[in-house]
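The values are calculated or read from the model by the stated rules, or taken from the named source; none is laboratory data. If you're wondering where the values come from, they're calculated on a predicted model, not measured in any experiment. Quick reminder, even Gly has a Cβ in these numbers, built from the backbone with ideal geometry, and neighbours come from all protein chains shown.
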Amino acid sequence: MSVGGNFVDNVVIVGGGTAGWMTAAALSHKFGTSGAQITLIESEEIGTVGVGEATLPHIRFFNAAMGIDEAELMARTQATFKLGIEFAGWGKPGESYIHPFGDYGEPHDGIAFHHLWTQQRLAGNHKRLCEYSLPVMMAEANRYTMPDPDPAALLSTFGYAFQFDASLYAAYLSQLSQGRGVKRVEGKITHANRNGENGRIDSVVLENGTVIDGDLFIDCSGFRGLLIEQTLATGYEDWSHYLPCNRAFAVQCEPSDPIGPYTRATARKAGWQWRIPLQHRIGNGHVYCSDYISDDEARSILLDNLEGAPITEPRQLFFKTGRRNKLWNGNVVAIGLAGGFLEPLESTSIHLIQQGITALVEMFPTDASMDADAEEYNAMMQLEFDRIRDFLVLHYVANQREGEKFWDDMRAMEWPASLKEKVTAFVQSGIIPRYDVGAFLPPSWLAVFVGQNILPQGYDPRLDRFDANQIAREVENLRSRIAGTVDGLPVHMDFVRGHCPGN
Ligand code: FAD
């Protein structure tokens, strides 16, 4: 919490998509009705981006902090559980793996499990790593239950997220926030007025002439970046050379079995296709690079690969991967698509919104601390964006789809130096970047490395102090405990129906 100067007591949120309403919910929760005045402006005429259905487990902490009842939220957003993402065809065509929300195995005397697995693999035991991951085995078997709060229990070794209708989520948060005193204004902003002395934004002006003043403006206006870019010209760091996909078609289709507890990302000729099963429909989309295929072909690939009849018209979206040079500039903080975009391969956009909000709430400024807070905020958020970028790039550069132009070019690209170091350390000795916070912790990196056939050639030498046969028995015992546990769990949708009221 910042100290010194006058407390900011007039906050204006520009935009009422997922980013705008998540921000409104968090700030109104922090300040209650007696704190800062919070106004949110949204334009029905402009609308929202209207896609974004898969989340990361961190969202549960956001919801819990807001006092949201999870079962009620699931019922209101038609949500299903998500244990991870299946990547189909990202290694060799025909292969697939699941990146789970959870651990692989159990450490042995402080040595991470994947070293045990590597030792066994180098000795000729070729069991898949995923057989030691409870969430992968649950997802593959289409089973679900809640994690056990007892950290010693096998059923405590996974986390979960949701696959939900993000528009219904925003609507839910809108109701919640307005109940907590947030003032909603419907209207289209035409321009902003800047302070002649310090360049900060004093007010925004609506098409009908209404002027809305503020001390702090949160730009949640989507890709257009109404304040952060169109007014302040903050600049954009373009990452198209690392992540060249720049367009998508999105379409919803009728539900089809299985409505499993996982999202699927299937590699296609020049991009990839998502499948996100909700209770009442399946969300689908095709993310592609327009340098390699035409829009018509991209649309056909999507429609030809649906598993149910379409119930909406395919909608085209355009984007450029990257982030603003500063996410906090002057008295404007950009959250959501206004701040940057990384393709939805690992469902990170809503997570980045949450990160931005959490950091903002933690360092909520006074008028005197604004510049110092901005500097710290920008450093934190840039690091988070950069790490996620590296993680996404890994999926592309580690493909083995030889003979397909797009994928051949992805393998040949100049890797970010930070990613190169991570891969080298893993291949040589099984070392994985150890971040304490952030979207992706070591098990996530492990899932993608191994899933895409980047295999360690060495393991922690401390393991050689133990009896290898004993370790082999331990590893096999765990594998059969996981298999036995999964067999006894409910089918995912049976669990969802029992868990959500009204289903
Ligand atoms: P928007 O939804 O675009 O909202 C912008 C708001 O600003 C609207 O209310 C609009 O009316 C308002 N506005 C704009 N201009 C004005 C103006 N002049 N006056 C008044 N109001 C204005 N995220 C995930 O986490 N998981 C996913 O699976 C996922 N999939 C995605 C797939 C694709 C193809 C894309 C493009 C994105 C995906 N996302 C995903 C991202 C996700 O959709 C967004 O992060 C999320 O919806 C937040 O959007 P937003 O609120 O920043 O912007």
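Out of region 197-217, which residues are in a strand (DSSP E or B) and of a type outside the set (Asp, Glu)? Give the steps one after another, and end with the answer.
Narrowing region 197-217 to residues in a strand (DSSP E or B): 201-206, 211-213, 216-217.
Correct list: ILE201, SER203, VAL204, VAL205, LEU206, VAL211, ILE212, LEU216, PHE217.
Just one of ALA139, ALA152, ALA171 is part of a helix (DSSP H, G or I) and surrounded by fewer than 23 Cβ atoms within 10 Å (Cβ to Cβ); which is it?
ALA171
Grab the strands (runs of 3 or more DSSP E) fully contained in region 243-321, keeping just those with 2 or more residues being farther than 28 Å from TYR160 by Cα. Let's see the steps before the verdict.
Details: elements: 247-253, 263-268, 271-277, 282-288, 315-318.
Result: 315-318.
Filter region 163-177 down to the residues that are in contact with a helix residue (DSSP H, G or I) (Cβ under 6 Å, 6 or more places away or on another chain) and within 12 Å of ILE350 (Cβ to Cβ) and list them by number.
Quick first cut of region 163-177, residues in contact with a helix residue (DSSP H, G or I) (Cβ under 6 Å, 6 or more places away or on another chain) only: 164-166, 168-170, 172-174, 176-177.
Listed by number, the residues that qualify are PHE164, ALA166, TYR169, ALA170, LEU173.
Are any residues in region 286-300 surrounded by fewer than 22 Cβ atoms within 10 Å (Cβ to Cβ) and within 15 Å of the ligand (Cβ to nearest atom), and if so, which ones?
If we filter region 286-300 for residues that are surrounded by fewer than 22 Cβ atoms within 10 Å (Cβ to Cβ), which is where we start, we get 289-297, 299-300.
Correct list: CYS289, SER290, ASP295, ARG299.
Report, by residue number, each residue of region 106-130 that is under 27 Å from the mean Cα position of the chain (by Cα) and either hydroxyl-bearing (Ser, Thr, Tyr) or within 15 Å of LEU83 (Cα to Cα) (or both).
CYS130
One line per residue, one yes/no per condition, for (1) more than 23 Å from ALA359 (Cα to Cα); (2) touching a Cys at 6+ places or on another chain (Cβ under 8 Å); (3) buried (at least 20 other Cβ atoms within 10 Å of the Cβ); (4) of a type in the set (A, V, I, L, M, F, W, C):
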| residue | (1), (2), (3), (4) |
| --- | --- |
| VAL12 | no, no, yes, yes |
| GLY16 | no, yes, yes, no |
| ALA24 | no, no, yes, yes |
| LEU40 | no, no, yes, yes |
| SER43 | yes, no, no, no |
| ALA54 | no, no, yes, yes |
| GLY67 | no, no, no, no |
| ALA71 | yes, yes, no, yes |
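Which one of ILE471, ILE454 is under 26 Å from the mean Cα position of the chain (by Cα) and of a type outside the set (S, T, N, Q)? Spell out how you get there, then give the answer.
Values: ILE471 fails: under 26 Å from the mean Cα position of the chain (by Cα).
Exactly one of ILE471, ILE454 is under 26 Å from the mean Cα position of the chain (by Cα) and of a type outside the set (S, T, N, Q), namely ILE454.
Please verify whether region 407-425 includes one or more residues that are surrounded by fewer than 15 Cβ atoms within 10 Å (Cβ to Cβ) and more than 26 Å from the chain's Cα centre (by Cα).
yes
If I ask for residues that are more than 16 Å from the ligand (Cβ to nearest atom) and among the hydrophobic types (A, V, I, L, M, F, W, C), which ones from region 12-47 would you list?
Step one: list which residues in region 12-47 are more than 16 Å from the ligand (Cβ to nearest atom), which gives 28-37.
PHE31, ALA36 - these are the residues of region 12-47 that are more than 16 Å from the ligand (Cβ to nearest atom) and among the hydrophobic types (A, V, I, L, M, F, W, C).
Test LEU129 against the criterion of being assigned by TED's automatic domain parsing to the domain that holds GLU45 and touching a Phe, Trp or Tyr at 6+ places or on another chain (Cβ under 7 Å), and give yes or no. Give the steps one after another, and end with the answer.
Values: assigned by TED's automatic domain parsing to the domain that holds GLU45: no; touching a Phe, Trp or Tyr at 6+ places or on another chain (Cβ under 7 Å): yes.
Considered against the rule, which asks whether it is assigned by TED's automatic domain parsing to the domain that holds GLU45 and touching a Phe, Trp or Tyr at 6+ places or on another chain (Cβ under 7 Å), LEU129 comes out as no.
Just one of the numbered conditions (1) in contact with a Lys or Arg (Cβ under 8 Å, 6 or more places away or on another chain); (2) not in a loop (DSSP other than H, G, I, E, B) is not true of ASP409; which one?
(1) is the only condition that ASP409 fails.
Residues checked against (1) at pLDDT below 95; (2) closer than 26 Å to ALA153 by Cα:
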| position | (1), (2) |
| --- | --- |
| VAL8 | yes, no |
| THR18 | no, no |
| THR23 | no, no |
| PHE62 | no, yes |
| SER96 | no, no |
| PRO100 | no, yes |
| THR118 | no, yes |
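Among the listed residues ASP408, ASP373, ASP390, identify the single one that is touching a strand residue (DSSP E or B) at 6+ places or on another chain (Cβ under 9 Å) and either among the acidic types (Asp, Glu) or closer than 30 Å to ASN142 by Cβ (or both).
On the way: ASP408 fails: touching a strand residue (DSSP E or B) at 6+ places or on another chain (Cβ under 9 Å); ASP390 fails: touching a strand residue (DSSP E or B) at 6+ places or on another chain (Cβ under 9 Å).
Criteria check complete, one pass: ASP373.
Name the residues in region 357-395 that are farther than 30 Å from MET413 by Cα, under 16 Å from the mean Cα position of the chain (by Cα) and crowded, with 20+ Cβ neighbours inside 10 Å, would you? Don't jump to the end; show me each part of the working.
As a first pass, look at region 357-395 and keep what is farther than 30 Å from MET413 by Cα: 357-377.
Next, only the ones that are under 16 Å from the mean Cα position of the chain (by Cα) stay: 357-358.
Result: ILE357, single match.
Scan region 437-455 and report the pairs whose first residue is farther than 19 Å from TRP90 by Cα and modelled with pLDDT under 95 and whose second residue is in a helix (DSSP H, G or I) and of a type in the set (Phe, Trp, Tyr), with Cβ atoms within less than 9 Å and a gap of 6+ or a chain change.
Within 9 Å, the pairs are ALA439/PHE391.
When you check GLU343 against the structure, is it under 29 Å from ARG60 (Cα atoms) and either touching a Gly at 6+ places or on another chain (Cβ under 6 Å) or within 16 Å of the ligand (Cβ to nearest atom) (or both), yes or no? Lay out the reasoning, then the answer.
Details: under 29 Å from ARG60 (Cα atoms): yes; either touching a Gly at 6+ places or on another chain (Cβ under 6 Å) or within 16 Å of the ligand (Cβ to nearest atom) (or both): yes.
The answer is yes for GLU343.
Among (1) part of a strand (DSSP E or B); (2) under 30 Å from ALA368 (Cβ atoms); (3) within 13 Å of the ligand (Cβ to nearest atom), where does ASN193 come up short?
All conditions pass for ASN193, except number (3).
Within the bounds of region 107-119, is there any residue that is touching a residue at least 60 places away in the same chain (Cβ under 8 Å), acidic (Asp, Glu) and crowded, with 17+ Cβ neighbours inside 10 Å?
no
I'd like the residue in region 217-239 that is under 19 Å from the mean Cα position of the chain (by Cα) and within 28 Å of LEU394 (Cα to Cα) and, out of all such residues, is farthest from the ligand (Cβ to nearest atom).
By that ranking, first place goes to TRP239.
I'd like the residue in region 202-216 that is more than 12 Å from the ligand (Cβ to nearest atom) and aliphatic (A, V, I, L, M) and, out of all such residues, is nearest to LEU352 (Cα to Cα).
Ranking the qualifying residues of region 202-216, first place goes to LEU216.
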